[in-house]
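Contents: one structure, followed by commentary.
Since every read-out is calculated from the coordinates, none of them should be taken as a lab result. All of these numbers come straight from a predicted model, not from anything done at the bench. Positions of Cβ are backbone-derived with ideal geometry, glycine not excepted, and every protein chain shown enters the neighbour counts.
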Amino acid sequence: MTEAVQFTGVSRLFGNTRAVDNVSLSIPDGEFFSMLGPSGSGKTTCLRLIAGFEQPSAGSIRLHGEEAAGVPPYLRDVNTVFQDYALFPHMNVQDNVAYGLKVKGVAAAERRTRAREALQMVALGEFGERRPAQLSGGQRQRVALARALVNRPRVLLLDEPLGALDLKLREQMQSELKKLQRQLGITFVFVTHDQTEALSMSDRVAVFNHGRIEQVASPRELYLKPQTAFVAEFVGTSNVLRGELAQRLCGQPRAFSIRPEHIRFAQGEAASDEVQVSAFVHDVQFQGSATRIELRLDNGQPLTVSQANDHRQGQAPAWQPGQRITARWPRAAMTYLHDAQVLP
Amino acid sequence: MNLALEHRTGGTAPGPRRRLANLLYRRPGLYLALLLLPPLAWFGAVYLGSLANLLWQGLYTFDDFSMAVTPELTLANLVALFNAANLDIILRTLAMAVAVSIASALLAFPIAWYMARYTRGRMKAFFYIAVMLPMWASYIVKAYSWTLLLAKGGVLQWFLAHLGLEPALLWLLGLPWLGGSTLSTSHLGRFLVFVYIWLPFMILPIQAALERLPPSLLQASADLGATPRQTFVHVVLPLAVPGIAAGSIFTFSLTLGDFIVPQLVGPPGYFIGSMVYAQQGAIGNLPMAAAFTLVPIVLIAAYLAIVKRLGAFDAL
Amino acid sequence: MHSERAGMPLRLLAWGGLAFLHAPILLIVVYAFNTEDAAFSFPPRGFTLKWLGIALGRADVLEAVKLSLQVAALATLIALVLGSLASLALYRRTFFGKSAISLLLILPIALPGIVTGLALLSAFKALGIAPGLVTIVIGHATFCVVIVYNNVVGRLRRTAHSQIEASLDLGADGWQTFRYIMLPNLGSALLAGGMLAFALSFDEIIVTTFTAGHERTLPIWLLNQLSRPRDVPVTNVVALLVMLATMLPILGAWYLTRDGDSVAGSDK
């Protein structure tokens, strides 16, 4: 099977800035693939390279095995859902959705049928006559989705499509998008800066930082086995320990990460497969389902611990700022990082 | 990819338009060049060519005796600009341009301030149109209207007579710098017409500058104990300066180059514009006229350099 | 936020300023319907439409109107084409010489009309082109381009670029995108820019005195009339018509661009 999207050594320069820096990746057909990273990390530029709005400064992009260089966006079998939706304000919803069919010369009757089907698919069958300005943000988002999908692309690009929606709507759309992708079986390339979103929807996630890919992995692997300090800290919350401290704790000169929920407080001797440190409680935050405790180790290093709350017992947590405490975690929960040895 | 599209469009080969579209996508530089070619050709050939030709002609020789122009290069025309008579013309025009700019700013400010701060919605739109319409209304008709207003026995005099203000007018006309035998042949009359015609060009940039001034700034100033006068001097005025400077570009340069108003209203004596017009027309000395156009160009360039430092270009 | 009311002196100055701006215009309206044919008498004696009929029957007036309309139409057409091309080229891309090009577009209205006028005149003379309709149009088109440019470039900058990308993405090539997406968006800006350019051309006098030769546009006809006191009533009527012909397009342009764009030609 050919890859839907394949980047080989792709770079994109804007002046002297390397927006995308020597990126190689391949996305198999039918995958829900996310590009995750902070703003300016190059994920959106990668999306625009796939769509054909940008040209690579170096490297090669193949779409379903064919070289994409010089192929204009209108000849690519790829459609995009834009961050601002980019609905045409002077057309009604029906005409917006039918636009792609119209410019490709599809007959009017078929256009209408297919546009109606697409709108029904996103539960907006009744809204064809409305103007984009008369719709809510969530509805516009669905129109943008229908407008892209009506063309039956082999790859759908989504550029932070849920960013403008409120939390409830966003969560609802996440599961709908996932369902839609499974139903249609087409490749989704989803750009987001929201790690929860990326983890909950994707088959695989690429984490971008400074124009490079830090790691490509399944959500589970990304969370449990981050390869770099950046991934460890960007995906979920993590404690990254380095240098002398790391050496003392695990006997190796390597940086590692430990998730807050893997740290326990305990009395007595540690088991042989556990690591333990002594620390002060710095701050305690009640967060509903869990309590977050900020510790300071003796050398000043912060350590975040998360403890699930057992509300049935109705007890207030016993930790007080200033209290001395012993924290420990299983060796197996530590992930060794690739890039952080050189850092102090 | 192309195969995919051909499949969708029924396998027809792309037409010439589509092929051109593809080419322009692949060669954005070519696309840009095609867009720019017509306007650049027009402006390069028609406009810059003419300007260069004009400045070159300023170096030609004009024979006073035969009234003929010969293409012998000379600096005599440029030197002649510094004749006492020509300097007089330049200073007269310059003084008027400065006076008109100052007066326009003084008159424009309260209108702009009121528009920016005390009007909104329909009222703001009303004021905006009420300033824009006179600005765009025919220049020559506005000048003509003022000849009717200022004429002996005209509207202004009628009003002054009925208000019993005629002695005041006579006194004003008697003043050495303002005066003249009647309103329509006085410096004062010409000044009024200029101020009237260019005033809207001053109001709108000031209004735009004041519009950008957040009301919270004024409240903050008052909150910190400033009196309204102090707020005005220390907060409002400094922030309005770019707008005033931008407006003054118009009032200054438009007055500097005008030759219709000086011809219609005011005492005899050339302005820069009327000198250029007379030199090329009645006298037929195109080289001298060309040399004279350098004066407003240089003055305006110098003026732009000054107001640029006041932030005028950000307020345009 | 504007809770307090303006003080009395400020209100007087603001409304007084408006009155100052409009009084001479109202005067033209009043005089156009004055029964009297004596030059500048005030107050007017009575109301008549007689002069309107006489003015519209005069061959020289009609000639001037016809020429001015021709000039303005042709100059606007050229300005629309050149101004749109320039704005499409300049609105988004940055490239070497871009600011020089935008300065070049503004130059014809930034420099005094006498400079532009004399430059064109001397160029026409040097090339042996006889002054007439063509030379007037060339002059007017040159300073009208920037008016169209300002309006169109303003609209282009306000139109989300993602719409153009969306169109390409959905399978429309450059032509289709221009036809279906950009043109509908630009339509009213083009119309507004065209109206402003038309008004500017219709009213222009300074450059025209240099490029017109013996031809008389309406403003030049008016200027010549000012030295003919006996013809005052006809002059008054024509003045009113010229005034309306320049003010109505401005109102139209304002209406078309009122939400969002400031009328981008306001820096006439």
Taking chain B and dividing mean pair separation by its residue count, relative contact order in percent (alpha carbons under 8 Å, at least six apart)
23
Exposure proxy check: B:Trp177, B:Trp42 ranked by fewest other beta carbons within 10 Å?
B:Trp177, B:Trp42
Could you tell me which trypsin sites (Lys or Arg not before Pro) in the stretch C:76-116 are loop residues by DSSP with no more than 14 other beta carbons within 10 angstrom of their beta carbon?
C:Arg92, C:Arg93
Karplus-derived 3J(HN,Hα) from phi for the stretch A:318-332 (6.51 cos²θ - 1.76 cosθ + 1.60, θ = phi - 60°), whole Hz, x at Gly and Pro, runs 8, 6, 10, x, x, 5, 8, 8, 10, 10, 8, 8, x, 3, 5
Lys, Arg +1 and Asp, Glu -1 on Cβ, resulting dipole of the protein assembly as shown about Cα centre, debye, nearest 20
1160
Hey, what's the Kirkwood Rh for the stretch C:58-257 if you take every pair of different alpha carbons, in angstrom?
18.4
In the structure shown, do any of A:Lys43/A:Lys168; A:Lys43/C:Lys98; B:Lys308/C:Lys98; A:Lys43/A:Lys178 have a Cα-Cα gap over 27 Å, and if so which?
A:Lys43/C:Lys98
Projecting each Cα onto the charge dipole of the protein assembly as shown (Lys/Arg +1, Asp/Glu -1 at the beta carbon, about the Cα centre), which of B:Leu218, A:Pro56, C:Ile114 comes out farthest on the positive side?
A:Pro56
Charges on Cβ only, +1 for Lys and Arg, -1 for Asp and Glu, centred on the Cα centroid of the stretch B:77-315; of B:Ala116, B:Leu204, B:Gly257, which one is farthest towards the dipole's positive end?
B:Ala116
Excluding residues fewer than 8 positions from C:Lys50 in its own chain, the lysines with Cα under 28 Å of it are B:Lys142, B:Lys152, C:Lys66
Beta bridge orientation in the protein assembly as shown: antiparallel %, DSSP, nearest 5
75
Using only C-alpha positions, report the orientation-averaged shadow area of the convex hull of the stretch A:239-336, nm², one decimal.
6.4
Taking θ = phi - 60°, what integer Hz values does the Karplus form 6.51 cos²θ - 1.76 cosθ + 1.60 yield along the stretch A:236-244, in sequence order, with x for Gly and Pro?
x, 9, 8, 9, 9, 10, 9, x, 4
Ranked list, fewest to most other Cβ atoms within 10 Å of each Cβ, for A:Ile263, C:Ile220
C:Ile220, A:Ile263
Theoretical ellipticity at 222 nm over the protein assembly as shown - DSSP helices of four or more residues, -39500 (n - 2.57) apiece, nearest 500:
-17500 deg cm²/dmol
Charges at C-beta only: +1 for Lys and Arg, -1 for Asp and Glu. How large is the resulting dipole of chain C about its Cα centre, in Debye rounded to 20?
180
Mind checking the alpha-carbon convex hull of chain A and giving the volume per residue in Å³?
181
Counting as exposed only GluC sites (Glu not before Pro) in DSSP loop states with no more than 12 other Cβ atoms inside 10 Å, the longest exposed-site-free span of chain A is A:130-268
Collect residues whose amide H, placed 1.01 Å from N in the peptide plane, falls under 5 Å from the amide H of A:Arg212; neighbours closer than 5 in sequence don't count.
A:Asp21
Between B:Gly180 and residues 5 or more places away or on another chain, which pairs have amide H atoms under 5 Å apart, with H built 1.01 Å from N, and which residues are they?
none
Give me the dipole magnitude in Debye, nearest 20, for chain A about the Cα centre, with unit charges on the beta carbon: positive for Lys and Arg, negative for Asp and Glu.
620
Which residue, chosen from A:Ala108, B:Thr231, C:Val234, occupies the Cα position most advanced towards the positive end of the dipole of the protein assembly as shown, where the dipole is computed from +1 (Lys, Arg) and -1 (Asp, Glu) charges on Cβ about the Cα centre?
A:Ala108
